[in-house]
1. Out of the total accessible area of the chain (probe 1.4 Å, heavy atoms of protein only), what percent is carbon and sulfur?
2. Going by amide H atoms built from the backbone, whose H comes under 5 Å of the H on residue 349, apart from near neighbours?
3. Straight-line reach from residue 111: which lysines have Cα under 28 Å away, leaving out those fewer than 8 places along the same chain?
4. Show me, bin by bin at 10 Å from 0, the whole-percent P(r) of the chain based on Cα pairs.
5. Mind pulling the angle between the C-alpha long axis of helix 112-140 and the longest principal axis of the chain? Nearest 10 degrees, somewhere in 0 to 90.
6. Hey, what's the chain come to in accessible area per residue, 1.4 Å probe, Å²?
7. Ratio of segment 349-397's C-alpha Rg to 2.2 N^0.38 Å, to two decimals?
8. Binning at 5 Å from 0, report for segment 146-185 what percent of all alpha-carbon pair distances ends up in each bin.
Amino acid sequence: MSIDNQNHVILIVDDESSVRESLAKVLQKENFQTMVAENGHEAESLITTENVSLVLSDFRMPEMSGLELLQRIKKSNPEIEVVLITGHGTIERAVEAMREGAYDFVTKPFKRADILRIVVKALEKRELTQENKFLRQQLADVGKFDTKFIGESQQVKKMLELIKRVAPLPSTVLITGESGTGKEIIARTIHTNSPRHNKRFVAVNCGAISENLIESELFGHVKGSFTGAIRDKEGLFKTASTGTLFLDEISTIPMSLQVKLLRALEEHEILPVGATRPIPVEPRIIAASNRDLLKEVEEGRFREDLYYRLNVVGIEVPSLRERQSDIPLLVEHFIQKFNHDLKKNVYGVSTETLSLFLNYKWKGNVRELENAIERAMILCDGNEILPEHLPHNFTPSPYSPELKTGLKESMMEFERTQILKTLEMVDQDKKAAAQLLGLSLSSLYRKMSELGIDTSEK
């Protein structure tokens, strides 16, 4: 089995700078990426932020020994291989470390060939383990389609069918839709159901990064390329290579950077800031925008060639207004979520509350609904969310001209409208409608009869 040395980052941990520098030179000559740390605590910090494949650590170090570092790594990142460097007097301890999960050990003074042989073998084992894990997962996932997008409306079913088709492919995807509709959930669904699902999913909000930093964030930089660049930085394209890179709010990318982004997509390589040689990268790109990108193209704010390169497969996420029949499902989902998070025991919403939800405009879409449910459950002391628990903009005005003058007539009209809407929502399934309305089936039939609604089966 052969490995691509450039795809692996090796972290060298030793309290002697001469040893760190010597090992780094040996490995860099073989095109490995290297990082160094002078103690175990610094190594732990780097492991949490960098994609480390292998740790090459001295056994004896102050504060934290190589054995303790090994134990911590295997507890938090078991897929990282560890090779220990030991003196002759600690070989027995090194053998003990192998029982703790170390791949192997090298004795001092070490030879260049020995280091390289063990490093390559350790990385081959890592890649083989990951490949086996991936194959097992693929077998377990045969026939499954994993999604956390809530909804059963026709719009959602149609969208999920498209996602199911595109997820296994390497094609670039552009997700469009209003803010709060769940574009990142769609991106994660594509990644989860793709052959890359056991690799990294890296999400970046392009609109949240300042214009003078976004190039470095995406493509990385080399040490000394600008003030503050105290070491080489791996860009997000490299971090997500072999995985998925989700570029949210893609319309905010500066025009000056769009050419470089287009080249990265077409040539599958990036040029870090200050570098002279390009780096090969292979992330799957999923982009998203809440703006009309064609309009941005027409107005000269977005490159046309980049738009078509991103929009190989376009997925439009419907607004909540376009799929009102999914509101009861979403309400139930968020109630369950916040029951867990807030330690509550809310069963559902009142008929009046559900009616308000079904008739509300939802400019903030699913995110606004989620926030409304969370607020209501904070204020709710019982087991049912009532209109008074909602923000004031959900409560209809008492002077609304749509309300009838007689209280009894108003209530009857309200009940009739609510029952008809619920029946329509569940395709006339009276049992399902009764459950949504909080009534027994016999009570629903009685109400329908009182209100002049046809009770016959169609």
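The values are calculated or read from the model by the stated rules, or taken from the named source; none is laboratory data. None of these values were measured; they are calculated from a predicted model. Glycine gets a Cβ as well: all are built from the backbone with ideal geometry, and neighbour counts include every protein chain shown. For accessibility, only protein heavy atoms count, side chains too; no ligands or nucleic acids. Shrake-Rupley method; radii C 1.70, N 1.55, O 1.52, S 1.80 Å.
1. On the way: 12220 of 24700 Å².
So the carbon and sulfur contribution to the accessible surface is 49 percent.
2. The list, which skips near neighbours in sequence, is 385.
3. In chain and number order, the partners are 25, 29, 74, 121, 125.
4. 4, 16, 20, 19, 17, 12, 7, 4, 1, 0
5. Tilt relative to the chain: about 20 degrees.
6. On the way: 24700 Å² over 458 residues.
Ligands and nucleic acids excluded, the figure is 54 Å² per residue.
7. Relative to the 2.2 N^0.38 Å estimate, segment 349-397 comes out at 1.04.
8. Over segment 146-185, the share of Cα pairs per 5 Å bin runs 5, 19, 31, 31, 12, 3 percent.
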